[in-house]
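Visitor: Below you will find the structure I want to go over with you.
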Amino acid sequence: MLAGAVLAALALPLAACTTDKPAPSAAPAATASESAGKGTGDQSKFFVQADYDAQMAMRTAQPTGPEGKPWEQTINAEPVDTAKYKKSGPYHLCFSNAAVDNPWRQVGWKTMQAEVGLHKEVTKFTALDAEGKDDKQISDIAELQGKGCDALIVSPNTTATLTPAVSGACPKVPVIVFDRGVQTDCPVTFIKPIGGYAFGAAAAEFLVDKVPAGGKILALRILPGVDVLETRWSAAKVAFDKSDLKVVGVDFTDGDAAKTKSIVGDYIQRFGKIDGVWMDAGANAVAAVEAFEDAGQPVPPINGEDQQDFLQKWQEAKLTAVAPTYPTYQWRTPVIAALRILKGEEVPKVWNLPQPTVTQENLATYLKPGMPPLHYALCGCEDLPGYPEKWGGRS
């Protein structure tokens, strides 16, 4: 990452999913009146021009690191000296997890536990689940500081609210933050894929390329105010504002499949035809596809994610589709980072992981026979003990 963007990036989580701070600069796209004409509304307060520019550049950058192990690779690394944290093992690693309340997080949690199992020097691993509650995670972080942790891994539930808790832990134990960020640069490293801007841009650019000029786009979002989802929409807005497409709706689904299907059905009835569907997360992409099928209409160009049910539907129904990803393999990286830090080895201050996109050309590579519908293809778990059974699959 560019030097001037490092601190800004630390305040931004990738999901996975990046800050609650208002943007210090304006969006590089349409004027307010032009945006209104495109149907995209105002740019999000989460939009940060420098971070957008950095992520756009990283999309074509070559990562460094072990071939075939993207969870150990990094893009534009600026190394941090960790000599002051060096200590002899065995080690007690601790983890404050935001939640395991969706399939992406459940796949990631299984992957992290398997990664811990690879390292004999980790003799104790203490994890607390915040159950999606800020207050509980604040309490969890305080509790873990009293358990003799050698390193503390944190996946924050929200950005601003968890910042004081993380800031308070940093002087006492080396902290590794991943997935979602905090508004402090005190963690030793912040681990994320390239980011939400890259995800949102990949999906929107696909629609701009595949949908004829003047086409009607429906944008489906999960929730407002969630950093990584906001940056996904911010980047999509930039692309749509520069295009000849019209966004006829931006609706929140609450991540609910039935609500997703209902919203899509309503827009089909209202406009007669929808020419493309953009989604800030693909967990309910199959529900969106089924709404067109139920209406007896062809499925327009659409994006999902690397969830198996969508990839399977894509192949079977011969969809015109793309799947940006928020790789679940990032759950391996914090464990690796923690051990490097405790051994006094350098780690990137911002550990930017590769962020592949599933396309028609590589779909067969990511579609995993025998894996359950809610499995994520980019788990990076195929080489871990217990695969595929521990991830719900069959050999």
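The values are calculated or read from the model by the stated rules, or taken from the named source; none is laboratory data. Given the structure is predicted, the values throughout are model-derived calculations rather than measurements. Glycine gets a Cβ as well: all are built from the backbone with ideal geometry, and neighbour counts include every protein chain shown. Note: accessible area is taken over every heavy atom of the protein model, side chains too, but ligands, DNA and RNA are not part of it. Shrake-Rupley method; radii C 1.70, N 1.55, O 1.52, S 1.80 Å.
Visitor: Solvent-accessible area of TRP104, probe 1.4 Å, all protein chains present, reported in Å² to the nearest ten, please.
Guide: Spelled out: TRP104, probe radius 1.4 Å, area about 20 Å².
Visitor: Mind checking the dipole of the chain: about its Cα centre, +1 per Lys or Arg Cβ, -1 per Asp or Glu Cβ, Debye to the nearest 20?
Guide: 440
Visitor: Now a separate question. Using 24 Å as the Cα-Cα cut-off, could you pick out the over-long pairs in LYS246/LYS313; LYS210/LYS368; LYS69/LYS120; LYS84/LYS124; LYS237/LYS273; LYS216/LYS261?
Guide: Flagged as over cut-off: LYS246/LYS313; LYS210/LYS368.
Visitor: Related question: Can you give the calculated 222 nm mean residue ellipticity of the chain, where each DSSP H run of n ≥ 4 adds -39,500 (n - 2.57) and the sum is split over every residue, rounded to the nearest 500 deg cm²/dmol?
Guide: -10500 deg cm²/dmol
Visitor: Same structure, new question: Positive end of the dipole of the chain, charges at C-beta (+1 Lys, Arg; -1 Asp, Glu), about the Cα centre: which of GLN269, PRO324, ASN76 has its Cα farthest in that direction?
Guide: So the residue we want is ASN76.
Visitor: Write down the accessible area per residue of the range 244-289 in Å², having rolled a 1.4 Å probe over the full set of protein chains.
Guide: Accessible area per residue: 38 Å².
Visitor: Could I ask something else about it? With an 8 Å Cα cut-off and a minimum separation of 6 or more residues, compute the relative contact order for the range 53-172 in percent.
Guide: Numbers: 133 pairs, mean separation 32.8, N = 120.
Reported relative contact order: 27 percent.
Visitor: Please list 3J(HN,Hα) in residue order for the range 321-326, calculated via the Karplus relation 6.51 cos²θ - 1.76 cosθ + 1.60 where θ = phi - 60°; whole Hz, with x for glycine and proline.
Guide: Couplings: 8, 8, 9, x, 10, 10 Hz.
Visitor: How much of the accessible area of the chain, in percent, comes from carbon and sulfur atoms when a 1.4 Å probe is used?
Guide: 52
Visitor: Beta carbons within 10 angstrom, averaged per residue: use that to sort the peptides 152-163, 243-254, 198-209, highest first.
Guide: 198-209, 152-163, 243-254
Visitor: What are the ³J(HN,Hα) couplings of the range 355-362, residue after residue, when phi is run through the Karplus curve with 6.51, -1.76, 1.60 and θ = phi - 60°? Round to Hz, x for glycine and proline.
Guide: The phi angles translate into 9, x, 10, 7, 10, 4, 5, 10 Hz.
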